[in-house]
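Shown next, in structure tokens, is the structure this report addresses.
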Amino acid sequence: MAKVTLNDKAARRAPPATGQVELWDRLLPGFGLRIAAGGSRTFFVMKRVDGKLLRRSVGKAPSPDTMRDAALPAGMYWPHEARDQARLMLSDMERGVDPRPLPSASVEEPAVDTFKSVAERYLESSLKGGGARLRTRPELERKLKTDLKAWHDRPITEIRRRDIQALVDEKAEASPIAANRLLSFVKRVFRWAVTKDIIDADPATSVVKPGEEQERKRYLSDDEIRLFWRACDKLDTDEKSAASGNTGRLFKLALVTAQRRGEVAGLRRSELGQLQYKTANRAGKEVTVSGDAWLLPEARTKRATDHTVPLSPLAKSLIDEAPKLEVNGKAFDCVLASGARGDQPVSGWSRYKRQLDELIGRQIAEERGEEYDAEVHNLEPWHVHDLRATAATLMEARLQVPTRVISRILNHAEGDGRSRSMTTRYVRHSWDAEAAEALNRWADELSRIVGLNVVALGSAKPQ
């Protein structure tokens, strides 16, 4: 918010190239001058009345080439005259009176661009740079509603760098990483507001993330995988689990397919299908093969791109054996639905993770012949995302799966030829055959680790 003494010199300021600029008077708080790109100049007042922020026009300012001694038409004021009129209007507003715009002003004032209104417009925009298509939109809407509640009615032009810094510092006291995410959202809104000429400059540009984020390098060892798998079996029959029969399966599929937990939780029967790809048979002849696949639509992937996951026999059996829930004779589309919320993806990862950790700990204690102690019998801290890292790490280190193929499986940019490097622009190979083979080999390796009968590689059939 630019503050100046609104005098003749300030009122003659050149208009911006685009949008508009607002100058606020140092002498009378709440009094300002808006200069639009076309040269229009309007004096205004802004003040809160009965909890509502009101903005009212005082009148027009003369153009820069108007002679100082010229007679001004009705509704047009020199700065000192507009200040006197504004003082009367602000006095009325102080007493709770909404001053009606002067009939001679005939200026229709636009609504005040509050932070909330701008953020909502950003989240609703489906154009380039908008937030309507972001996979994280629901979470951003939650942040706007809760973490940014204090800014809802504040004009976005009044929010300064120090306000943003204070906001993220306060959030960082409780959770530095959450503060980083909140700051990222605030920066998105301000960047978008600049592109739409709502504000002249971005006050969030130089604000740095308060939390230090370190790349996780955790993956499970063979023994940890064995303990994890057996605990998943117990979790599916545990009375505490609201999604009995599917909860352990949820974790297992995350490890077997190497997909993100939210994508696994939302697995739908309508997403199951076939993948056809070309490969070479034992004689070296190219053949077309068809195999079971999970066809993830772009709306459900982090990268907002369609993603096909070849399903190994182990993954297919986990899906096929999932309890089939229904209501009124109609089967649920969600494979891992809990039933408590109808045909909806299972939720409650944190709760199920705590139950799983306890079952793992009790299993460790049992194998050692000791009484269970949560402080003693546990794994090194791990996250659900580490299951994905475990699959990727062991495929590369133990099965020698090329990085490019692993990227294709994980749905990373470098794995599908869509990244911006000059080399990948010319790559047209889909890596489907290699991904299918890698996931089959990974399923075999998992079966060996956890003591299952190794499933033969026979899910892909020549056409």
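The numbers here are math on the coordinates, done by the rules we state, and not lab data. None of these values were measured; they are calculated from a predicted model. Glycine gets a Cβ as well: all are built from the backbone with ideal geometry, and neighbour counts include every protein chain shown.
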*Where does the chain land at 222 nm, in deg cm²/dmol rounded to the nearest 500, when only DSSP H runs of n ≥ 4 count, each adding -39500 (n - 2.57), divided by all residues?*
-11500 deg cm²/dmol
*Cross-link partners among lysines for K285, C-alpha distance below 19 Å, same-chain residues fewer than 8 apart left out?*
K461
*If you bin every alpha carbon distance in region 2-94 into 5 Å steps from zero, what whole percent lands in each bin?*
3, 14, 26, 25, 18, 9, 4, 1, 0
_I'd like the Kirkwood hydrodynamic radius of the chain, using the inverse of the mean 1/r over distinct C-alpha pairs, in Å._
27.1 Å
*Quick one: plug the Kirkwood hydrodynamic radius of region 115-195 (C-alpha pairs) into Stokes-Einstein at 25 °C, 0.890 mPa s, and report D in µm²/s.*
191 µm²/s
*For the chain, the longest site-free run once GluC sites (Glu not before Pro) in DSSP loop states with at most 14 other Cβ atoms within 10 Å are removed*: 1-107
*Cα to Cα, under 19 Å, and not fewer than 8 places away if on the same chain: which aspartates and glutamates meet these conditions relative to K47?*
E22, D25, D84, D92, E94, D98, E108, E109, D113, D153, E158
*From largest to smallest, what semi-axes in whole angstrom does region 49-186 give when each is the square root of 5 times an eigenvalue of its alpha carbon gyration tensor?*
40, 18, 15
*Hey, what did the chain get for relative contact order, percent, Cα under 8 Å, at least 6 apart?*
11 percent
*Three-way shape call for region 269-403 based on the alpha-carbon gyration tensor, with the a/c threshold at 1.5*: oblate
*For region 222-462, the spread of Cα positions along each principal axis, largest first, Å*: 59, 46, 36
*Counting alpha carbon pairs within less than 8 Å and at least 6 residues apart, what relative contact order, in whole percent, applies to region 222-462?*
24 percent
_Relative contact order for region 115-195: what percent, with Cα pairs under 8 Å and sequence separation of 6 or more?_
33 percent
